[in-house]
Every structure is written in C-alpha cells, then in structure tokens.
Amino acid sequence: MKANYHTHTWRCNHAAGTEREYIERAIESGIEILGFSDHTPNPCSWNINDGIRMTPEQTEGYFAVLSSLKKEYEKDIELHIGVEVEYIPGEFGKLTEFLHQYPCEYLIMGQHYVDGVYVRFIPENEAAFRNHVSQMLEGIATGEFIYLAHPDLIVWNGWEDLYAQEMTRLCRGAAALGVPIEFNLLGYRNNRNYPDRRFWRIAAREGCPVIMGVDAHVPEDLELSQVEPLAREYLKELGITPMETVKL
Ligand SMILES: [Zn+2]
Ligand SMILES: [Zn+2]
C-alpha cells in the first residue's frame, strides 16, 4: 500500500502506541505516505466529552509531536497531519475555525453519529438512516474533505430497498463530487458489519473513486501483508481498482 491517510493516536482513548511506533511500522510495511487523522475534538454543543476523541487541550500536543516527527523522518517517509472529523451541520464552521490555529493538512470525514446517536445502533430507523446519508452528502459537498471514511458504517437490518436507495444516493453524490470513499481495512480485518458487500456492489455500479484506509488504532494494524491482498481481491471481484493516493 503506497499511502494510508487514516491513522489514530492514543489521544482518542481507544487507540494505543506511540506516534513513533506507528511510523516505524508503516516504514516496515513499505508505506511511502502516512497520514495521521486522529479523532478531532468537537468544540460544539454536544459530545465534546464523549471520551473517544482528543480534547481541545490535547490538540496542540498532537500537532506539535507530529510536526517534529515529520521533520525527523523526512528522509524515510512522507508524513502528513490531518484529523478525522464528525461533520455536524451548523457547527462545522466552528470546528474549521478551531483547526485553523494548527498546521492541519487535511480532513477526512468519519461520520459515527446521527443526531447524537451512534449509527451502529439505529438498525431500523428509516428517518435516521436518511438523515445520516444526507449529512454525509452535505459534508462532502463542502469540499473540505479529502475522502469519506467508512461510508458503510451503519448497521442496517431494516427495509432492503431503502438500503439500496439511500446508498445509491450516497454513492452517486460522492461520484458526482469526485470525493473518494474509503474501503476500511479495520472493519475488514475484524469482520465487522462494514465493509458491507451490499454497499460495495452499489459503489462499483456508480463508479465511485475508492481508496483503502487502514484506520490504525494500534501500530500492528499497519502490518498489511495478510489483509491487503485479500482486500484488493474483494474489490477486484467487484470491478473496483482503488486509488493509491489522494490529493491533499
Ligand atoms: Zn477510532
Ligand atoms: Zn478512524
């Protein structure tokens, strides 16, 4: 894998290992471009302290540590510093303003909530599903995101036709905007509900640009010799050739 833009740090409270360990692992795996994208703080009206993201106070340290490592490793690997963002309509401006204080190179969109509810816990709520898709489309339409992470995170046990309709709407929108969608290797490796084959059939049909993302939460996640060939095979069977890099 030439590039991975989806890497976390200990600051989100559900990842482990030092930044240096992630970098060393990536180099061992032959990754040429490594982007950190830890869960950004949400300086907004809700979930600021949900415990799964860095705090506003930790943000400074995140950029400082990574900036210095970026220099130190510049001969060995191309490092970039971004964040994974929860797009919250009406509050996004506040977040980008906050991030402007830091040398933030890119944003990926990782939508885990809809109206404050985790999307893996709304398996049959049709209104919430529609809203979730609308928010993802609204977010990527801002032009602020290099890609959409795990677009198929939702656990959907409801009406099948609605799944096809809504995911077609999402894929068609992403393809029209030219925003890549992520094939998430963390979900794939751990046999989670995502990648969801129903979704990837639609993505293939709609001609979405696709990028693989490790979503590393421990340095060992960057060991790709097992998972990468299988993921490529999965995509190839659907007629999808993933992009190797995205523009920052
Ligand atoms: Zn995470
Ligand atoms: Zn992530």
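The values are calculated or read from the model by the stated rules, or taken from the named source; none is laboratory data. Values in this document were obtained by computation on a predicted structure and should not be read as measured data. Using ideal geometry, Cβ is built from the backbone for each residue, glycine included, and neighbour counts are taken over all protein chains shown. When the accessible area is computed, the model is the full protein with side chains, heavy atoms only, and any ligands, DNA or RNA have been set aside. Shrake-Rupley method; radii C 1.70, N 1.55, O 1.52, S 1.80 Å.
Does segment 102-115 contain any residue that is open to solvent by 30 Å² or more (accessible area, probe 1.4 Å) and at pLDDT below 95? Yes: segment 102-115 contains one or more residues that are open to solvent by 30 Å² or more (accessible area, probe 1.4 Å) and at pLDDT below 95. Among the residues of segment 79-101, those identified as within 22 Å of Asp115 (Cβ to Cβ), open to solvent by 40 Å² or more (accessible area, probe 1.4 Å) and assigned to a loop (DSSP other than H, G, I, E, B) are Pro89, Gly90. In the condition set (1) modelled with pLDDT of 95 or more; (2) outside any loop (DSSP other than H, G, I, E, B), Glu57 is compliant with all but (1).
A count restricted to segment 10-33 and to residues that are open to solvent by 30 Å² or more (accessible area, probe 1.4 Å) and among the small types (Gly, Ala, Ser) stands at 3.
Only one of the listed residues (Leu66, Leu99, Leu107) is touching a residue at least 12 places away in the same chain (Cβ under 8 Å) and within 16 Å of ligand 1 (Cβ to nearest atom). That residue is Leu107. Among the residues of segment 154-168, the ones that are part of a loop (DSSP other than H, G, I, E, B) and free of Cβ contacts under 8 Å to residues at least 12 places away in the same chain come to 0 in all.
Any idea which of (1) closer than 26 Å to Pro151 by Cα; (2) open to solvent by less than 10 Å² (accessible area, probe 1.4 Å) is the one Phe63 doesn't satisfy? The number of the failed condition is (1). Considering only segment 205-227, how many residues are open to solvent by 30 Å² or more (accessible area, probe 1.4 Å) and in a helix (DSSP H, G or I)? The number of residues fulfilling the criteria is 2.
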